[in-house]
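Encoded as structure tokens, the structure appears first; notes follow it.
The values are calculated or read from the model by the stated rules, or taken from the named source; none is laboratory data. Every value quoted in this text rests on a predicted model; they were computed, and no experiment measured them. Note that we place each Cβ from the backbone using ideal geometry, even for glycine, and neighbour counts take in every protein chain shown. Accessible surface areas use protein heavy atoms only, side chains included; no ligands, DNA or RNA. Shrake-Rupley method; radii C 1.70, N 1.55, O 1.52, S 1.80 Å.
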Amino acid sequence: MNYKMVMKKILIHILLIAVASFILSLLTQAILPVGDFWKGTLAAFYLMFFVAVLLYLAWRLFGREKKLAWMMILAFIVRLGLGLFLAWGLPQFGYEEAPQQAGFVFQDAYRREASAWELAQSDDPLTRAFSDDYTADQYGGLLALDAFVYRFISPDAYRPALILILSAGAMTLSLPFLTAIVGSAFGKNTSSWAGWLLTLYPEGILLSAAQMREPYLILFLTMLTWSVVQCLDRRRLKFAIPGLIGGSVGLFLFSSRVALPLIGIILVWTWVMESPKVKQTWLKGAIWFAALAAFAGIAWFFRDWVQEVMSWDARLTLIASGRIQFELESLPAWLHFPFIVVYGMFQPVLPAAIAAPAPWIWRGLGVFRALGWYALLPLLAYAFVRILRLPASRKKRWLMSMIFFAWVWIVVASARAGGDQWDNPRYRTILLPWMAITAAWVINFVRETKDRWLGRVLLVEGIFLAFFTEWYISRYYPVIPRLDFWLMIVLILLLSFLVIILGWLRDKNQKKRQRESLIEN
């Protein structure tokens with residue numbers, strides 16, 4: 001295809017993007033009519049068209065595959081659609097609270113957008129967002145971006161829906177980076193699974209259908225991971241080096257407290273992949289020592305903040321759940337915090353989301369989010385054990401480090417937010433790209449090897465969900481008999497142990513029969 005034909009095709013695509021952007025902008029302003037109709041429509045169109053063109057260019061840069069195009073289109077539309085639906089529906093069907101009556105799911109977003117509008121309407125420079133004057137965003141990056149939108153694109157009216165376009169776009173832009181990372185290492189099938197997991201994971205959809213910073217953090221993480229892979233393979237350096245710089249700067253602007261551990265994790269992951277190339281034992285030891293020293297330094301730097309936050313969130317968990325407080329009274333004091341951490345790892349609790357009384361819009365969100373986590377969790381649990389049995393290779397080192405850091409991140413998120421059903425999953429989801437890579441590898445591995453252990457892990461999860469669903473239903477509907485909490489835990493553990501033992505015995509007997517068959521033949 002010659003240059004003229006390529007340019008003609010690109011121009012046709014841009015024209016189609018402009019038409020689609022205008023239609024979506026009309027719908028946005030029609031669903032959430034704020035201020036003058038045409039000014040609102042044009043404001044939405046400017047952002048929509050900018051984001052759509054950026055996504056289109058990324059799609060072309062990463063191979064122009066049709067599957068990726070449909071994935072990106074679906075990801076963007078689902079996120080924007082959910083964001084508009086919640087902004088419209090929460091004032092009508094949610095609770096009588098200020099954030100919900102203003103159409104916000106998250107209180108953090110409600111406070112930040114109010115501050116961004118205030119800054120946009122003032123004569124102060126946008127760099128004031130990085131000062132201590134605005135407590136709604138302690139880092140400043142997202143506050144400055146949103147204030148820029150309000151000041152220069154929507155100065156006539158407060159339109160938080162405009163920020164939804166950027167959030168949806170940031171998360172969608174992560175897709176080409178992620179699929180490229182996985183495709184180069186594990187092939188198209190695993191790459192496709194990783195892309196669909198990032199596209200459809202409920203918590204990721206919700207966070208990028210709101211005015212939150214997590215979609216941007218996820219984008220910067222995928223940018224950094226892709227850039228590191230390209231640098232190690234000595235490919236596309238003219239894009240990889242700007243990606244390293246842009247991803248790192250973006251992380252620090254949007255959350256310095258997340259930037260430090262994420263960049264540290266990426267550096268350690270890089271070293272784990274490349275360390276076999278280093279032959280000098282002393283050099284390996286020195287680098288590992290430096291990595292441990294850096295980890296200790298980061299932990300020391302954050303020690304007071306982490307201790308204060310953990311203590312506070314643990315108290316919030318107890319206050320929010322009288323039942324948890326009741327059960328903790330039967331445990332020694334030193335087990336209280338570990339219990340809350342484990343409890344937090346299962347948040348949002350699917351049985352509670354099903355049984356707890358709530359307005360339909362909140363119950364729907366609760367079940368939606370919980371289904372996503374309880375679908376992903378067994379894949380991560382399976383990967384944590386199964387990867388150890390694989391033969392040594394660069395892919396194994398790659399996966400082992402990703403799985404290890406994913407589980408460390410899950411535990412830290414649970415410790416950071418206790419049993420909270422909102423902050424805990426939100427922090428956890430920041431590492432969603434690495435979790436999606438792990439889960440995609442599991443799905444492809446099981447499909448190729450027909451391994452039965454994932455099914456057994458799912459059966460164990462089913463036992464857990466069956467007992468806890470009955471327990472929660474009986475809590476809200478006393479007519480149904482209720483098991484003692486600790487008796488239920490014992491039964492779950494015994495039945496799960498039985499599943500594991502019977503599975504192991506079955507595999508052992510099958511291997512024995514196979515050996516006997518080979519001897520006879």
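Counting residues in region 1-124 as N, plug N into 2.2 N^0.38 Å and put the Cα Rg over that result.
Rounded to two decimals, the normalised Rg is 1.31.
Tally Lys/Arg at +1 and Asp/Glu at -1 over every other residue whose Cβ is under 14 Å from the Cβ of residue 73; what's the total?
+3
Can you tally the net charge around residue 162? Count Lys and Arg as +1, Asp and Glu as -1, for every other residue whose Cβ sits under 15 Å from the Cβ of residue 162.
Taking every Cβ under 15 Å from that of residue 162, the sum is +1.
First measure r as the distance between the Cβ atoms of residue 484 and residue 411, then evaluate 1/(1 + (r/R0)^6) with R0 = 30 Å and state the FRET efficiency to the nearest 0.05.
E between residue 484 and residue 411, to the nearest 0.05, is 0.60.
So between residue 389 and residue 506, what do we pick up on full extension, going 0.36 nm a residue minus the alpha carbon distance?
40.3 nm
With a 1.4 Å probe and every protein chain left in place, work out the accessible area per residue of the chain in Å², rounded to a whole number.
49 Å²
Dipole of the chain (Lys/Arg Cβ +1, Asp/Glu Cβ -1, origin at the Cα centre): which of 131, 47, 95 lies farthest to the positive side?
47
Hey, what's the Kirkwood Rh for region 428-521 if you take every pair of different alpha carbons, in angstrom?
The answer is 16.6 Å.
Would you calculate the separation in nanometres between label points at residue 2 and residue 77, each defined as 7 Å from the Cα along the Cα-to-beta-carbon direction?
3.6 nm
Once neighbouring chains are kept in place and the probe is 1.4 Å, which whole percent of the accessible area of the chain is contributed by carbon and sulfur?
69 percent
Can you give the FRET efficiency for residue 459 and residue 189, using 1/(1 + (r/R0)^6), R0 = 30 Å, r = Cβ-Cβ distance, to the nearest 0.05?
After rounding, the FRET efficiency stands at 0.75.
How large is the convex hull of the C-alpha atoms of the chain per residue, in Å³?
In the chain, the Cα hull volume divided by residue count equals 203 Å³.
Please give, to one decimal in nm, the separation of the simple spin-label points placed at residue 256 and residue 19, each 7 Å out from Cα toward the Cβ.
Distance between the two pseudo-spin positions: 4.9 nm.
Relative contact order for region 373-521: what percent, with Cα pairs under 8 Å and sequence separation of 6 or more?
RCO, region 373-521: 23 percent.
Between residue 281 and residue 367, what FRET efficiency comes out of the Förster formula 1/(1 + (r/R0)^6) with R0 = 60 Å and r the beta carbon distance, rounded to 0.05?
After rounding, the FRET efficiency stands at 0.65.
Return a whole-number percent for the relative contact order of the chain, with Cα pairs under 8 Å and 6 or more residues apart as the contact set.
Here the relative contact order equals 14 percent.
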